[in-house]
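A.B. asks: I'd like to ask you about the structure that follows.
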Amino acid sequence: MKHPSSRAFFAYWDNKRGDARAPDRIDIEPHALRELLGDIFVLAYEDGGHPFRVAGTRVCALFGRDVKNTSFPALFAPESRREIEEIISAVAEETLPAIAGITATSQGGDEAHLELLLLPFNARAHMPISLTGLLAPFEGCQGGLSDLRLTSWRYLHQPEKIVPRALRKLAIARGFMVYEGLR
């Protein structure tokens with residue numbers, strides 16, 4: 001992690017999770033993160049584009065508008081959308097934090113460089129799945145960013161064995177349990 005805001009938010013999240021894979025959403029206390037709140041957002045993990053549920057003021061300023069209920073992957077250039085959707089899925093389903101370098105185009109046509117941190121919340125039965133993140137520019141940039149593109153990314157703290165996503169989806173289907181056995 002290169003951006004100081006990303007390091008601070010990850011350290012807080014890591015402390016809150018303790019020995020668990022991820023903290024519960026209610027464990028995150030906004031007053032403890034008051035300096036970072038402008039860069040923090042919450043995404044819903046659902047079909048239909050992973051919309052912003054909460055977006056800090058600096059995140060909204062980066063795009064020159066309020067992004068609440070806007071699809072997060074829709075902010076990316078078409079060639080990066082599938083990849084960011086895969087990263088979001090791994091963060092939410094495998095509870096793997098991820099860090100990414102992003103390049104965007106400003107209204108004036110200049111390139112802006114940002115760092116994206118995506119952190120999972122602990123999934124609970126009968127509760128919608130969501131994840132949090134932080135989006136911070138490396139240099140001062142004007143609002144109206146568009147066509148976000150992934151330049152690099154990696155998962156943090158990968159467990160020794162990752163459960164395949166297809167099997168994991170069955171395990172989190174609420175009220176439905178599949179047992180494999182003999183006929």
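A.B. asks: Restricting attention to the stretch 5-39, report how many residues are open to solvent by less than 50 Å² (accessible area, probe 1.4 Å), over 18 Å from Leu96 (Cα atoms) and either of a type in the set (D, E, K, R) or in contact (Cβ under 8 Å) with a residue 60 or more places away in the chain (or both).
C.D. replies: 3
A.B. asks: Mind telling me which of the residues Asp47, Asp39, Asp24 ends up being modelled with pLDDT under 95, under 16 Å from the mean Cα position of the chain (by Cα) and farther than 16 Å from Phe121 by Cα?
C.D. replies: Values: Asp39 fails: modelled with pLDDT under 95; Asp24 fails: farther than 16 Å from Phe121 by Cα.
Selected residue: Asp47, the only one of Asp47, Asp39, Asp24 that is modelled with pLDDT under 95, under 16 Å from the mean Cα position of the chain (by Cα) and farther than 16 Å from Phe121 by Cα.
A.B. asks: Please find, within the stretch 49-94, the residue that is most open to solvent (accessible area, probe 1.4 Å) out of those that are of a type in the set (Ser, Thr, Tyr) and more than 14 Å from Leu148 (Cα to Cα).
C.D. replies: Taking the stretch 49-94 first, the residues of a type in the set (Ser, Thr, Tyr) are 57, 70-71, 80, 89.
Retained after the next criterion (residues that are more than 14 Å from Leu148 (Cα to Cα)): 57, 70, 89.
Numbers: Thr57: 108, Thr70: 29, Ser89: 21 Å².
Only one residue fits best here, namely Thr57.
A.B. asks: For the list (1) open to solvent by less than 10 Å² (accessible area, probe 1.4 Å); (2) free of Cβ contacts under 8 Å to residues at least 12 places away in the same chain, I need the number of the one condition that Gly140 fails.
C.D. replies: That leaves (1) as the condition not met.
A.B. asks: Cβ-Cβ below 6 Å, separation at least six or inter-chain, first residue in the stretch 59-80 and more than 17 Å from Glu46 (Cα to Cα), second assigned to a strand (DSSP E or B) and of a type in the set (A, V, I, L, M, F, W, C): which pairs?
C.D. replies: Pairs that qualify, where the first residue is more than 17 Å from Glu46 (Cα to Cα) and the partner is assigned to a strand (DSSP E or B) and of a type in the set (A, V, I, L, M, F, W, C), are Val59/Phe41; Val59/Leu135; Phe76/Leu148; Ser80/Leu150.
A.B. asks: Still on this structure, please answer the following. State all residues of the stretch 29-69 that are charged (D, E, K, R) and part of a strand (DSSP E or B); if no residue qualifies, say none.
C.D. replies: Step one: list which residues in the stretch 29-69 are charged (D, E, K, R), which gives 29, 34-35, 39, 46-47, 53, 58, 65-66, 68.
The answer is Arg53, Lys68.
The values are calculated or read from the model by the stated rules, or taken from the named source; none is laboratory data. In this text the structure is predicted, and so the values were computed from the model without any measurement. Every residue, glycine as well, gets a Cβ built from its backbone with ideal geometry; the counts of neighbours run over all protein chains shown. The area values use the complete protein model at the heavy-atom level, side chains included, leaving out ligands, DNA and RNA. Shrake-Rupley method; radii C 1.70, N 1.55, O 1.52, S 1.80 Å.
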